[in-house]
Amino acid sequence: MSTTSNSQNFRLEHDSMGDIAVPLQAKWQAQTQRAVENFPISGLRISKPLIRALALIKSAGAMANSQIGTLDPKIANAISSAAERVANGDFDDEFPIDVFQTGSGTSSNMNMNEVLATLASEILVDVTVKPNDHTNASQSSNDVFPSAIHLATASELKFNLIPALLELSASLGSKAIEFESVVKSGRTHLMDATPVTLGQEFSGYRAAIDYGIERIESVLPRVCEMPLGGTAVGTGINAPKEFAPKAIALLREWMDLPLTEARNHFEAQGSRDALVEASGVLRTIAISLYKIANDLRWMASGPRCGLGEIHLPDLQPGSSIMPGKVNPVVPEAVCQVVAQVIGNDAAVAFGGSAGILELNVMLPVIARNIIESIELISSVSIALAHKCVDGIEADVERCRNYALSSPSIGTSLNPYIGYEAAAKIIKRSLAENKDLRTLVLEEGLLTPEEADKALDVFAMTKGGLIG
């Protein structure tokens, strides 16, 4: 119930704690305003994917309540219609509460309840829809807010991150094919090793991304287990038994996700282990990205005094003082995203440890960090694919010269002359700056034909015995 205050810019709203002034045009009501005033902490609001997930849960909840007779169909339809508009992003500015708020997310749940109640009341005109009694019917913040985190996370994983990683995988796969015959020196410990092809390296990068997609698909069913129906402590008090199955069935249909009701509501209420696991998957993918980005930086280093095996697309000037300098800016952005994702994962893991008795009390910070990680990895993967990988060119001659110059190609001499003799030839090669073929011929260790076979750098990339 609201009344207009003396100020033209505010109105008075009432809740169980009394009256409070709310901005006149705001769709939220008293409890949201209290949270706004209580938590002037970071200026960070809950994410749009989480707002959307909360709205969809409220819409499905209203429809489920209508079906089982808990809510007047007219009110339920109005709530659902209002929730659709919120889910579409029409009222994102109506969710002003700081991320760092009450640990259960009650403030944001009530924010959603109040906004939907206001919008639904506007639709009905002659009926006042109440936040607690109507939009929160059969629900508690303690099951709705974590359910919304799971829903938002699952949706972002499936419809944002997986497609982005598939694009990156395709770009890396194309380069693996393009570079399949570009032989180069392998390197271990940053030291010369036996030859590989540039294509083999890129095939490894693609595989790492593909494994990341497999990891997401593996964790997705557990993320899709929803605590909805547990209400306050997992027992489901005040929620009809049919409520959660009906609401989740609607969400499953709307979202095209494998959503299920939690197998055990007490685990689902007190723990956020599936989100911790999912964040760990994101960290693993980030580590894969770091390896790829770092390798690209190393191989593109130069242009004169580095490895110079590949050339990355020139995107922007690299220095305010050194003319003509161009830097690997996209790989550097990737590396910074990885740093953020690792930090986010630490926050999610710590937040996950805050499951105290019947409730985890770090839900908003878990939500913020895991959703941010998904969005960052998704965006930077697209950038890496199309602003970097797609335009990579190989310096074929330099790569081959490195392969031929590597003393480690002497490894293939082992089956012919033995390890110790090969080691002596390699040391002499380094000391005298002569190639291995010349030396084995000088010492009469191999015939020219045997030397050509044993020191075929491209054949070495195929494994097995050479020659």
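The values are calculated or read from the model by the stated rules, or taken from the named source; none is laboratory data. Just so it is clear, the structure is predicted and the values come from calculations on it, not from any experiment. Every residue, glycine as well, gets a Cβ built from its backbone with ideal geometry; the counts of neighbours run over all protein chains shown.
Return the residues of segment 154-200 that are over 30 Å from Pro258 (Cβ atoms) and of a type in the set (Asp, Glu); say none if nothing qualifies. First the steps, then the outcome.
In the first step, residues of segment 154-200 are kept if they are over 30 Å from Pro258 (Cβ atoms); the result is 174-200.
Listed by number, the residues that qualify are Glu178, Glu180, Asp192.
On inspection, Ala55 does not qualify as under 26 Å from the mean Cα position of the chain (by Cα), hydrophobic (A, V, I, L, M, F, W, C) and surrounded by fewer than 21 Cβ atoms within 10 Å (Cβ to Cβ). Contact map, segment 18-29: first residue among the aromatic types (Phe, Trp, Tyr), second residue in a strand (DSSP E or B), Cβ cut-off under 9 Å, separation 6 or more or different chains; pairs are Trp28/Glu13; Trp28/Val22. Can you tell me which residues in segment 303-321 are buried (at least 16 other Cβ atoms within 10 Å of the Cβ) and acidic (Asp, Glu)? Answer for segment 303-321, where residues must be buried (at least 16 other Cβ atoms within 10 Å of the Cβ) and acidic (Asp, Glu): just Glu309. Counting only helices (runs of 4 or more DSSP H) that sit wholly inside segment 28-102, those with at least 3 residues that are more than 17 Å from Pro131 (Cα to Cα) are 30-38, 48-68. Hey, does segment 318-326 have a residue that's at pLDDT 95 or above, charged (D, E, K, R) and touching a Gly at 6+ places or on another chain (Cβ under 8 Å)? Within segment 318-326, not a single residue is at pLDDT 95 or above, charged (D, E, K, R) and touching a Gly at 6+ places or on another chain (Cβ under 8 Å).
Have a look at Cys399, Cys388 and point out the one that is in contact with a strand residue (DSSP E or B) (Cβ under 8 Å, 6 or more places away or on another chain) and surrounded by 21 or more Cβ atoms within 10 Å (Cβ to Cβ). Walk me through it before giving the result.
Numbers: Cys388 fails: in contact with a strand residue (DSSP E or B) (Cβ under 8 Å, 6 or more places away or on another chain).
Going through Cys399, Cys388 in turn, the sole match is Cys399.
Listed here are the residues, each with its yes/no results for (1) assigned by TED's automatic domain parsing to the domain that holds Glu372; (2) hydrophobic (A, V, I, L, M, F, W, C).
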position: His189; (1), (2): yes, no
position: Pro195; (1), (2): yes, no
position: Glu214; (1), (2): yes, no
position: Leu220; (1), (2): yes, yes
position: Val223; (1), (2): yes, yes
position: Gly229; (1), (2): yes, no
position: Leu251; (1), (2): no, yes
position: Glu277; (1), (2): yes, no
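Within segment 82-96, not a single residue is within 30 Å of Asn160 (Cβ to Cβ), in contact (Cβ under 8 Å) with a residue 60 or more places away in the chain and crowded, with 23+ Cβ neighbours inside 10 Å.
What's the total number of residues in segment 134-180 that are among the basic types (Lys, Arg) and either under 11 Å from the mean Cα position of the chain (by Cα) or modelled with pLDDT under 95 (or both)? So the count comes out to 1.
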